[in-house]
Structure formats: structure tokens, C-alpha cells
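Enquirer: Questions regarding the structure given below will be posed in turn.
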Amino acid sequence: MYKFTFVVLHYKTRQDTIECVDSILYSVKYENYYIVIVDNGSNDNSGVILKKRYENNSNVVVLINEINLGFAKGNNIGFNYAKYLLKSDFIALLNNDTYIKQPEFISLIIAKYDKFKFDVIGPDVISPIDNSHQNPRRLTLKNKNRLKKLILHHQLLLVLNYFLIDLLMEKIKKFFLPKAFLSNDNPQYLNHFQEQVNVKLSGCCLIFSPNFISSYDGLFEKTFLYSEEEILYYICKRDDKKTFYFPDAKIFHKEDSTVNYLYKSSLIKRRFYYKNFIKSGKVFVELINDDNKLENWDD
């Protein structure tokens, strides 16, 4: 029987993590699975509380990082524990603001792998707020030139944010842009009803198969936050790895729970996003330059 491991990255929002982990423990029916909680340097003692809560459950492991390593590197702590210590066949990186109600969730993923041999698979991701579907995601970073332009755009927005006019800039931009350009980037999500191959998947739930795990130790980890989905898509295109959207498997995603918890002000939240998008974008450009293989990854 395949061994399946969920990696749940935790940072301060303890109740979300408990809801996520308990939803797996109480809902998912499969005999050979583990949950690895990675406390990513929380300074509120929540990692220790989680460790105490699950200490008698042999299916749950809690790892505690001394500092916040960011999204990719923090997840990779759990990924490598699952790969090298637990010897997992499948590893699911699962946001802590998600939860699962589907008993056959793991069985569906494994059955699809036995037929399709994907590298990375993503489920239908449903918002519990409005029942909207958040997977698969539309590809907006399609080539290096587009990426560079978006970095410049976010640098401008960051400056305008300090003058409290970044939202006004966005409204003006949308007013003057041609409708054809806007329709290219909106809506953010593609058709969620049908299976799709080689699409960008939501980072809130990425499930890696034995094919991927044998070749990689997790996500590209030079970013702190944002653009992880785009970089994973780029790497899969570069290395001829197959991503797959699978609507039969379903999770629920509250979305941005940790960022909303940390930044109550929408102004400061946008500033945080601009700064980290710029940093991640520059790292992405460096990756493309170092590879010197693929500057346009749009089908």
C-alpha cells in the first residue's frame, strides 16, 4: 500500500491548523497516511501547543522551526521529513487554512496516479464563503518579459502605496486597458468542471507523486512568499513534468488566513504583497537566466 503524507505549514493561526488536521483525521479513510505539521517559527508558543495536542497520535508529527523560513523552504522541511524519514510515496503540501471532508480523498488521488502517472496533481479547491472554485489557475506569468513588466508594475504600486493611491492607480489602469487584455488575465481561474493537463495549480494543495519525489526535494525555495505556483509550473514545463487538475478530489480553502491575521490593515497587507512579489519576481528572473533554457512557457 502506498504511503501518503500531508505536510501542513503552520504560522500562528493555531485554530486553522487544528481544523485542517482534525478534518483529515476525522474524515479521510485510508490506512497508511501521516500528517507532518511544520511550525514555521511562530513566536506565540502555538507550535508547542500543537505538539502537545497531537503527542498521542502516531499519525501526526509536529516539527518546530526556530525562525520563519518562508512558504517554500518551510514546506520543504516537511517534504524532506516525509520523503527521507517516513519514506512517503505521495506528499501533499496543504495550507493550514484548508480542510477536507471527502473520505476517499487519498484513494481517488492514488487511483488516478495508477492510471495517469502524473507528477503533480491539484484537487478542486472550493471557497466555503461563496462556493467559488480556485483551481486550476490562469497562467499570468507566461514569459520572462511579462515577468519583468509585472515586477516594474509592482514597484510602482509599492511607491504609490506609501502615498495611499495604489488602488486608484489600479482602477485607472483597468479603465484605459483594452478589454481583450483584461479578458486574458481575468477571471483568475479556469474551468473547474473537467480534468486538465499541464495547467498551473493552486499552491494551497499540491500533491506530489513518486515520479516527482524521486527527482526533487520539494519546492524551489529561494522565494519567501508568492510566485511559488508560477515557478513550479515553469519548472514542470522546463523538465517535462506533468501537472494535472483533478476535480473529483475536493478540498475547502478559506484563503489568506495567515496574512489576514497578521495584517489587519488592507493598506499594509497590499504593501506586504508588493514587497514580496517584487522579491520573488527577481528570484524567478534569476532562475530563468541561470537555466538559459526556457524564456516563454506559455502553451
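The values are calculated or read from the model by the stated rules, or taken from the named source; none is laboratory data. From a predicted model like this one, the values you see are computed outputs, not experimental measurements. A quick note on method: Cβ atoms are made from the backbone with ideal geometry, for glycine too, and the neighbour counts reach across all protein chains shown.
Enquirer: Which is of a type in the set (S, T, Y) and over 22 Å from Q188 (Cβ atoms), of S265, S202?
Expert: Working: S202 fails: over 22 Å from Q188 (Cβ atoms).
Being of a type in the set (S, T, Y) and over 22 Å from Q188 (Cβ atoms) holds for just one of S265, S202, which is S265.
Enquirer: Turning to a different aspect of this structure: When you scan the stretch 214-240, how many residues do you find that are under 13 Å from the mean Cα position of the chain (by Cα) and β-branched (V, I, T)? Before you say what the answer is, go through the steps one by one.
Expert: Looking only at the stretch 214-240, we keep the residues that are under 13 Å from the mean Cα position of the chain (by Cα), and these are 218-221, 223-233.
Still in the running and β-branched (V, I, T): 223, 231.
Residues meeting the conditions: 2.
Enquirer: Let me spell it out: the conditions are (1) more than 20 Å from the chain's Cα centre (by Cα); (2) of a type outside the set (G, A, S); (3) part of a loop (DSSP other than H, G, I, E, B); (4) at pLDDT 95 or above, and L164 meets all of them except one. Which number is the exception?
Expert: It fails just one condition, (4).
Enquirer: OK, next. Which residues, counting only those in the stretch 99-149, are surrounded by 17 or more Cβ atoms within 10 Å (Cβ to Cβ) and without any contact (Cβ under 8 Å) to a residue 60 or more places away in the chain?
Expert: Within the stretch 99-149, H133 is the sole residue that qualifies.
Enquirer: Inspect the stretch 241-255 for any residue being among the charged types (D, E, K, R) and either assigned to a helix (DSSP H, G or I) or more than 18 Å from the chain's Cα centre (by Cα) (or both) and give the result as yes or no. Talk me through it step by step, then tell me what you get.
Expert: Of the stretch 241-255, the ones among the charged types (D, E, K, R) are 241-242, 248, 250, 254-255.
Checking the rest, the ones that are also either assigned to a helix (DSSP H, G or I) or more than 18 Å from the chain's Cα centre (by Cα) (or both) come to 248.
Looking through the stretch 241-255, at least one residue is among the charged types (D, E, K, R) and either assigned to a helix (DSSP H, G or I) or more than 18 Å from the chain's Cα centre (by Cα) (or both).
Enquirer: Identify the residue in the stretch 25-81 that is aromatic (F, W, Y) and farther than 20 Å from L219 by Cβ and, among all such residues, is surrounded by the most Cβ atoms within 10 Å (Cβ to Cβ). It would help to see each step written out before you state the result.
Expert: Kept after step one, since they are aromatic (F, W, Y), are these residues of the stretch 25-81: 26, 30, 33-34, 54, 71, 79, 81.
So of that shortlist, the ones also farther than 20 Å from L219 by Cβ come out as 26, 30, 33, 54.
Values: Y26: 10, Y30: 17, Y33: 22, Y54: 19.
In this case the residue turns out to be Y33.
Enquirer: Is it true that some residue in the stretch 247-268 is over 30 Å from Q15 (Cβ atoms), crowded, with 19+ Cβ neighbours inside 10 Å and at pLDDT 95 or above?
Expert: At the first step, the residues of the stretch 247-268 found to be over 30 Å from Q15 (Cβ atoms) are none.
Within the stretch 247-268, none of the residues are over 30 Å from Q15 (Cβ atoms), crowded, with 19+ Cβ neighbours inside 10 Å and at pLDDT 95 or above.
Enquirer: So if I check each of I77, I64, which one is in contact with an Asp or Glu (Cβ under 6 Å, 6 or more places away or on another chain), closer than 30 Å to F277 by Cβ and without any contact (Cβ under 8 Å) to a residue 40 or more places away in the chain? So that I can check it myself, show each step before the final result.
Expert: Values: I77 fails: in contact with an Asp or Glu (Cβ under 6 Å, 6 or more places away or on another chain).
None of the other options fit; the residue is I64.
Enquirer: If you scan the stretch 263-299, which residues turn out to be small (G, A, S) and either more than 15 Å from L158 (Cα to Cα) or without any contact (Cβ under 8 Å) to a residue 60 or more places away in the chain (or both)? Break it down into steps so the answer makes sense when it comes.
Expert: Here is the first cut: in the stretch 263-299, the residues small (G, A, S) are 265-266, 280-281.
The answer is S265, S266, S280.
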